[in-house]
Amino acid sequence: MSKLIIRIVCIPLGFIFAALGIIGMFIPVLPTTPFLLLAGFLFARSSKRLNDWLASTRAWKTYVMPFVEKQAIPVATKARILIVSCVVMGISAYAVKDLAGINFVVWFTLELVLLWLLYLMFVRIPSSAKSKQ
């Protein structure tokens, strides 16, 4: 594949995944680190300037660098992820408490998401003491 075609495909996709990763910092069901890693991969294949820009962002330094360097997430970052996720899911659960019929489905889904998040944070993804900043 020619370099031009790779750039035409990878740059827009890189921006899409970078945006999803940044949105994932605020919305619990979107994974931040995998989207930013994918954006980094796409930018590295298509544009050194965009790859350098992504690596200089706060999102990359907070979520990706500790994971890339140590294959772990700092305990403080895990705590922040869990707190924000629980608050947003609690608001969602409260918002549907009066809707007949849907509240069970929403609550069940939120419980599954919370269990998955707890599994990831406490079992699957190792913790590191603190991040390099």
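The values are calculated or read from the model by the stated rules, or taken from the named source; none is laboratory data. Keep in mind that this is a model prediction, so the values were computed, not measured. All Cβ positions, even for glycine, are placed from backbone atoms using ideal geometry, and neighbour counts span all protein chains on display. Accessible surface is based on the protein model in full, side chains and every heavy atom, while ligands, DNA and RNA are left aside. Shrake-Rupley method; radii C 1.70, N 1.55, O 1.52, S 1.80 Å.
Extension gain, S127 to F104, is 4.9 nm, computed as 0.36 nm per intervening residue step minus the present C-alpha separation.
If R0 equals 22 Å, the separation of the Cβ atoms of K61 and V84 corresponds to a calculated FRET efficiency of about 0.75.
Counting lysine pairs in the chain that sit 8 or more residues apart in sequence, or on different chains, and whose Cα atoms lie under 27 Å apart gives 13. Straightening the chain between E69 and L120 buys 16.5 nm, computed as 0.36 nm per residue apart minus the Cα-Cα spacing. Across the range 49-129, the relative contact order, built from alpha-carbon pairs under 8 Å that are at least six residues apart, equals 39 percent. Charge tally around G40: other residues with Cβ under 14 Å, Lys/Arg +1 each, Asp/Glu -1 each, net +2. With all protein chains in place and a 1.4 Å probe, the accessible surface of the chain carries 72 percent carbon and sulfur. Rolling a 1.4 angstrom probe over the protein heavy atoms with all chains in place gives the range 6-84 an accessible area of 54 Å² per residue.
In the context of the full protein assembly, S85 retains an accessible surface of approximately 0 Å², using a probe radius of 1.4 Å and ignoring ligands and nucleic acids.
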